[in-house]
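Colleague: Structure in structure tokens, see below.
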Amino acid sequence: MVISPKEAWNAHEDSTGEFAVDLGSAPENGIYFWEDIYPAKNEKPVNGVPMTTDGLLDWMRDDPRLVVSEPHQGTIGDLPATVVDVSIAKDAENEDPNCPTEACVLFLGFPQWDDIWGIAKPQVQRFYLSDVSYGGKNHLFVAVVYPDDPSDMKEFLPHGAELLSTVQVPADAT
């Protein structure tokens, strides 16, 4: 993957499962790129969910722990993507003893390591989901716009959108 940022971004993860950058002028706000993440509950993979945009989106929308906005179309570079905002349901119980707020929900896993991705109330995370193909296999490519404080979303989105527009990956949309 190649990005061509027009402003200062700092890479804080570059591994086989994640590439993550934060905005130099607002380091608590970042963009995360993943492939082939899977749904998780009780810190275990949820079986039977297709690893596609539709599969993951349907699962997230059916999960009572989450609130998922109506999907709309967007892009990650030239790749078409389905875009949704994800937050925690009002009555969701805390799943993380180290949660910095009243409730955290741990809902996504990574095939490369044992960590579980979560969201802390009242965060809102914007997900870009894209079905891609490379190396003769289909993959789920995901970008997450992550403002730590939900009040930063409006101001941070233009920075995130600009960065996402520069993404180049050697993959084809499926």
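The values are calculated or read from the model by the stated rules, or taken from the named source; none is laboratory data. Keep in mind it's a predicted model, so treat the numbers as computed, not measured. No Cβ is skipped: glycine too gets one built from the backbone with ideal geometry, and neighbour counts run over all protein chains shown.
Colleague: May I ask you to list the residues in the range 107-131 that are more than 17 Å from residue 19 (Cα to Cα) and among the aliphatic types (A, V, I, L, M)?
Modeller: Hits for the range 107-131 are 119, 120, 124.
Colleague: Further question: Considering each residue of the range 111-121, count those that are at pLDDT 95 or above and assigned to a loop (DSSP other than H, G, I, E, B), and give that number.
Modeller: Within the range 111-121, residues that are at pLDDT 95 or above and assigned to a loop (DSSP other than H, G, I, E, B) number 1.
Colleague: Touching a Phe, Trp or Tyr at 6+ places or on another chain (Cβ under 8 Å), assigned to a loop (DSSP other than H, G, I, E, B) and not small (Gly, Ala, Ser): is that true of residue 170 in this structure?
Modeller: When the stated conditions are applied, residue 170 passes them.
Colleague: Which of the residues that make up the range 94-122 are without any contact (Cβ under 8 Å) to a residue 12 or more places away in the chain and farther than 29 Å from residue 165 by Cβ?
Modeller: Initial filter on the range 94-122 (without any contact (Cβ under 8 Å) to a residue 12 or more places away in the chain): 94, 97-98, 114-115.
Matches in the range 94-122: 94, 97, 98, 114.
Colleague: Are any residues in the range 25-37 surrounded by fewer than 18 Cβ atoms within 10 Å (Cβ to Cβ) and either in contact with a helix residue (DSSP H, G or I) (Cβ under 9 Å, 6 or more places away or on another chain) or without any contact (Cβ under 8 Å) to a residue 40 or more places away in the chain (or both), and if so, which ones?
Modeller: Applying the first criterion (surrounded by fewer than 18 Cβ atoms within 10 Å (Cβ to Cβ)) to the range 25-37 yields 25-28, 36.
Matches in the range 25-37: 25, 26, 27, 28.
Colleague: Go through (1) touching a residue at least 60 places away in the same chain (Cβ under 8 Å); (2) surrounded by 14 or more Cβ atoms within 10 Å (Cβ to Cβ) for residue 22 and report which single condition fails.
Modeller: Unmet for residue 22, out of (1) touching a residue at least 60 places away in the same chain (Cβ under 8 Å); (2) surrounded by 14 or more Cβ atoms within 10 Å (Cβ to Cβ): (1).
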